[in-house]
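Shown next, in structure tokens, is the structure this report addresses.
The values are calculated or read from the model by the stated rules, or taken from the named source; none is laboratory data. Everything quoted here is computed from the prediction, not taken from an experiment. A quick note on method: Cβ atoms are made from the backbone with ideal geometry, for glycine too, and the neighbour counts reach across all protein chains shown. What goes into the accessible areas is simple: the full protein's heavy atoms, side chains included, and nothing from ligands, DNA or RNA. Shrake-Rupley method; radii C 1.70, N 1.55, O 1.52, S 1.80 Å.
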Amino acid sequence: MTNEAIIQLKDIDVTFHNKGQTVEAVKKVSLTVERGDIYGVVGYSGAGKSTLVRVINRLQRPTAGSVEVSGQDILALNPRELRTARTKIGMIFQHFNLMASRTIADNVGYPLKGRLARDERKKKVAHLLDLVGLSEKAEDYPAQLSGGQKQRVAIARALANDPEILISDEATSALDPKTTSSILELLKRLNKELGLTVVLITHEMEAVKEICNKVAVMEAGEIIERGDLVTIFSRPEKPLTQDFINTATQINQALEKIFRQAATLNLSESQQLVQLQYVGASTDAPLITELYKRYGVVSNILYGNVEILQDTPLGNLIVVMSGEPDKLAAAWQYCQDAGINITHLNPNDSEVA
Ligand SMILES: Nc1ncnc2c1ncn2[C@@H]1O[C@H](COP(=O)(O)OP(=O)(O)OP(=O)(O)O)[C@@H](O)[C@H]1O
Ligand SMILES: [Mg+2]
């Protein structure tokens, strides 16, 4: 792994003026993507994700800030230089934007028109279709393909000019979960085999979890949290990040059930409902035994789950801890010292449910 910055956004502002209204879509955002990253940008609708990534290839000129891609100052390029630079930045979208009246092969070869001779183009298109697993569909038309297949065509087309970067803006949002996984797997494979750097915009942490090595969380035009995937998943600092993660790891669904039964939980003074998040091989059993042996704290597991992120196990437990207040406090401290992220869950907190 090299640490070469391939995309460097510094202090980016994008402000829109519309009918006397001012929208600060992106506010003072800096972002460094290194060569070979699959960098996830996650956030709810309107957070500014699309606006931010459109700055990378100057589809959107920022109001302020600097943009460097592969060592080039993108904002200083003349139109011809910009066209060349853009060929090295492929893009795919939720709507595949294929040309309905052209065959799959023609769609994929379209960006190569005037760049390669006919024969070479044919060869290149065949190679690209092979890469995305659609060789048999070369002479079909877009309408004959499924959504997942159409997205594969869009990916092949985006790769026609051998880009170094692929920007995926909600490319899987219109697809079912299984098809989404297969597209994400394809992106991962292209990242590995071609060394392609991927910027993956999504509103689903689930997608980020599957393939990204880094993630940034956007809210109201700002990046509120960022880091490598395992760190963010194991030690999220912002409630919004935690919420995205809880959805991706099915914790929110579990919490909903638990909170619905909160009345039956009937927590006493000496009981606490907590969530434990931990990284690495340390599993739930030794921890819970330890809390009992050391402090006499009994933990009743309501929900448990282990995810593998970047080859690292990440555990999540929802437990009711019972014990004397001072013992509970000591157990709490023990967890924190052991590098376990422990948070109190309030069954009356309707916001989470
Ligand atoms: N061309 C434009 N003119 C005016 N306002 C715009 C323009 N493009 C985006 N905006 C505004 O900027 C904000 C961020 O929009 P953006 O499309 O970047 O969000 P997003 O995170 O990509 O959302 P989504 O998940 O819905 O795609 C929104 O408030 C949007 O209305
Ligand atoms: Mg968008």
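Normalising the Debye intensity of the stretch 17-127 to I(0), with uniform scatterers on Cα atoms only, and taking log10 at q = 0.10, 0.17, 0.18, 0.23 Å⁻¹ returns -0.43, -1.06, -1.13, -1.35.
Between helix 177-194 and the chain there is an angle of about 70 degrees, using the helix long axis and the longest principal axis of the Cα atoms. For the stretch 249-344, the equivalent ellipsoid derived from the alpha-carbon gyration tensor has semi-axes of 21, 19, 9 Å in decreasing order.
Note on Q310/S146: beta-carbon distance plugged into 1/(1 + (r/R0)^6) with R0 of 41 Å gives a FRET efficiency of 0.85.
For K49, a cut-off of 24 angstrom between C-alpha atoms picks up these lysines, skipping any fewer than 8 places away in its own chain: K10, K19, K27, K28, K88, K150, K188, K209, K214, K238.
Excluding the site residues themselves, the longest part of the chain lacking any trypsin sites (Lys or Arg not before Pro) in a DSSP loop with at most 14 other Cβ atoms within 10 Å is 116-353. Roughly what angle does helix 147-158 make with the longest principal axis of the chain, taking Cα atoms, 0 to 90 degrees, to the nearest 10? Taking Cα atoms only, the helix is inclined about 60 degrees. Normalising the average separation of contacting C-alpha pairs (under 8 angstrom, six or more residues apart) by the number of residues puts the relative contact order of the chain at 16 percent. Residue separation of Y110 and Y292 scaled by 0.36 nm, minus their Cα-Cα distance, works out to 58.9 nm of gained length. Dividing the summed helix terms, -39500 (n - 2.57) for each DSSP H run of n ≥ 4, by the number of residues in the chain produces a 222 nm estimate of -10500 deg cm²/dmol to the nearest 500.
When the stretch 5-231 is described by a simple charge dipole with +1 on each Lys and Arg Cβ and -1 on each Asp and Glu Cβ, the residue from I183, V230, L194 located farthest towards its positive end is L194. Distance distribution note for the chain: the fraction of Cα pairs above 30 angstrom is 47%.
With all protein chains in place and a 1.4 Å probe, the accessible surface of the stretch 1-61 carries 44 percent carbon and sulfur. Against the chain, whose longest principal axis is taken from its Cα atoms, helix 325-337 shows a tilt of about 30°.
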